[in-house]
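> Quick one: the structure is below, and I'll ask about it shortly.
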Amino acid sequence: MSQPTRALSWIKRCSYAALALGLTLGQAMADKVSTFALDNGMEVVVIEDHRAPVVVHMVWYKIGAADESPGHSGIAHFLEHLMFQGTKQVPPEQFSKIVAAQGGSDNAFTTPDYTAYFQRVASDRLDLVMGLEADRMHNLNLSQNDVDTERKVILDERTERTDSDPSALLSEQMAAAQYMNHPYGIPVIGWRHEIEGLSRQDALVFYHANYAPNNAILIVAGDVTPQQVLDLAKKHYGPIPPSDKIHDRTRPTEPPQLAERRLVLADARVAQPYVVRNYLAGERNPGDQKEAAALTMLAQLLGGNRATSVLPRALEFDQKVATYTEASYDGVSLDQTTFTLAVVPADGVSLDQVEKAMDGVIDNFLKTGVDAEEFARIKAQVKAEQIYSADNTQGLAHRYGMALSSGLTVQDVQAWPDLLQAVTADEVMAAAKKVLDRRQAVTGWLQTEGAAQ
């Protein structure tokens with residue numbers, strides 16, 4: 001089934017044994033995390049976990065697709081690919097092979113707010129991978145052939161993942177309509193005609209302007225000690241000079257959104273039509289996460305449990321007009337994000353009918369409010385899942401990296417689980433009435449070409 005992108009990974013299991021420990025997740029995480037700052041401005045975060053002789057090494061650059069200059073969409077993602085082309089010490093495409101030869105794995109990813117690189121290796125190989133990552137932070141060596149080859153790879157990637165996927169195309173078009181002034185409306189991979197024009201000089205300018213220790217966060221999680229990581233960080237990253245080109249990320253802000261936007265994408269390749277709606281929503285901010293916590297719980301109430309949450313219970317089981325429903329929200333974002341509703345119609349149900357049914361359920365929820373029993377159940381599930389997820393070392397490193405690269409602090413990350421538990425039903429309803437405003441929404445229909453809706 002084709003489903004809307006950016007779907008939240010919903011809670012699947014509940015570890016009540018973990019709840020019996022009586023510790024908040026914030027307390028448990030606070031005991032494991034140490035922070036430092038190098039003289040050149042690089043932030044260092046260490047998360048200790050000595051259960052296995054493994055370590056995750058991550059470098060997060062506070063630069064993403066939303067920080068690109070006009071006309072150069074895709075340059076952040078392009079450079080991510082080019083970072084594997086080698087330095088004077090490491091030949092092109094050998095970085096990953098060196099890591100793999102040590103029994104490790106590595107990868108990288110780009111988002112609107114950050115670009116991250118990581119390796120997972122045996123803990124006695126940390127010195128090696130830290131040296132490799134530090135080397136390419138300031139010694140990237142790009143030939144014209146490297147750039148031409150990788151540009152073709154990215155264009156092929158866009159063809160495969162976006163241009164050949166109607167769901168991805170709809171998501172891209174909706175984001176462009178959602179953000180009237182903010183660069184979140186520009187796809188991370190870039191617009192095809194601008195990718196085609198990206199040059200070696202563009203990549204080097206972006207690299208030298210943004211890839212520096214004072215624009216990076218080092219996160220090391222696993223079988224290490226804080227002092228060990230600090231000593232290695234000083235050895236490998238410490239000698240790299242800071243950049244004088246790093247500046248505050250000041251982006252255009254959204255004007256008041258006064259009218260709903262609607263899109264219909266019809267494509268012969270569509271196997272499963274659906275309706276998706278994105279509402280402009282606030283993000284988690286340093287020291288101010290209460291509204292985001294309420295929106296997180298709202299998404300869980302509306303769509304977090306297929307058997308009991310509001311949308312699936314009403315549309316899939318009672319009315320039987322849908323085969324899939326979704327409500328999702330992720331507040332880890334430097335600027336305003338979105339709150340999403342989506343519904344896949346059952347056979348014989350039109351997109352118009354299923355959208356009206358969805359709207360009816362939302363209207364009724366706004367009138368009747370939160371079911372106390374369901375709210376208590378969801379809080380227990382969220383708490384259990386947070387504790388369970390803290391057991392994953394790489395997941396913890398990722399959680400801190402996303403948050404810190406998006407403007408949050410270690411204290412914000414550690415406070416988050418308890419803030420979720422403190423959310424009240426009244427706060428959820430206040431957040432619902434604020435965010436579920438059609439004037440700041442984009443509604444999209446994905447349908448088969450020629451379908452009558």
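The values are calculated or read from the model by the stated rules, or taken from the named source; none is laboratory data. The structure displayed is predicted, hence computed values, not measured ones. So basically every Cβ, Gly included, is an ideal-geometry build from the backbone, and we count neighbours across all protein chains shown. Keep in mind that these areas ignore ligands, DNA and RNA; they rest on the heavy atoms of the full protein, side chains included. Shrake-Rupley method; radii C 1.70, N 1.55, O 1.52, S 1.80 Å.
> Of all the residues that make up segment 55-85, how many are within 15 Å of Ala134 (Cβ to Cβ) and open to solvent by 10 Å² or more (accessible area, probe 1.4 Å)?
0
> Taking segment 168-191 as the region of interest, how many residues are hydrophobic (A, V, I, L, M, F, W, C) and free of Cβ contacts under 8 Å to residues at least 12 places away in the same chain? Spell out how you get there, then give the answer.
Looking only at segment 168-191, we keep the residues that are hydrophobic (A, V, I, L, M, F, W, C), and these are 168-170, 174-177, 180, 186, 188-189, 191.
Those left that are additionally free of Cβ contacts under 8 Å to residues at least 12 places away in the same chain: 176.
Residues that pass the stated criteria total 1.
> Pro187 fails exactly one of the following numbered conditions: (1) open to solvent by less than 40 Å² (accessible area, probe 1.4 Å); (2) in contact with a Leu (Cβ under 7 Å, 6 or more places away or on another chain); (3) closer than 20 Å to Phe78 by Cα; (4) not aliphatic (A, V, I, L, M). What is the number of that condition?
In the conditions (1) open to solvent by less than 40 Å² (accessible area, probe 1.4 Å); (2) in contact with a Leu (Cβ under 7 Å, 6 or more places away or on another chain); (3) closer than 20 Å to Phe78 by Cα; (4) not aliphatic (A, V, I, L, M), Pro187 misses (2) alone.
> Then there is this: Report the residue count in segment 306-321 for those that are farther than 13 Å from Val344 by Cα and open to solvent by less than 30 Å² (accessible area, probe 1.4 Å).
Summing the residues that are farther than 13 Å from Val344 by Cα and open to solvent by less than 30 Å² (accessible area, probe 1.4 Å) in segment 306-321 gives 3.
> Further, regarding this structure: What number of residues within segment 195-210 satisfy the criterion of being surrounded by 16 or more Cβ atoms within 10 Å (Cβ to Cβ) and either touching a Phe, Trp or Tyr at 6+ places or on another chain (Cβ under 9 Å) or within 14 Å of Thr159 (Cα to Cα) (or both)?
6
> Oh, and also: So how many residues does segment 420-443 have that are over 23 Å from Glu260 (Cβ atoms), surrounded by 15 or more Cβ atoms within 10 Å (Cβ to Cβ) and among the charged types (D, E, K, R)?
Of the residues in that region, 1 qualify.
> With of a type outside the set (Val, Ile, Thr) and under 30 Å from Glu48 (Cα atoms) as the only criterion, which of Glu355, Glu385, Glu449 stands out? It would help to see each step written out before you state the result.
Values: Glu355 fails: under 30 Å from Glu48 (Cα atoms); Glu449 fails: under 30 Å from Glu48 (Cα atoms).
Glu385 is the lone residue from the list that is of a type outside the set (Val, Ile, Thr) and under 30 Å from Glu48 (Cα atoms).
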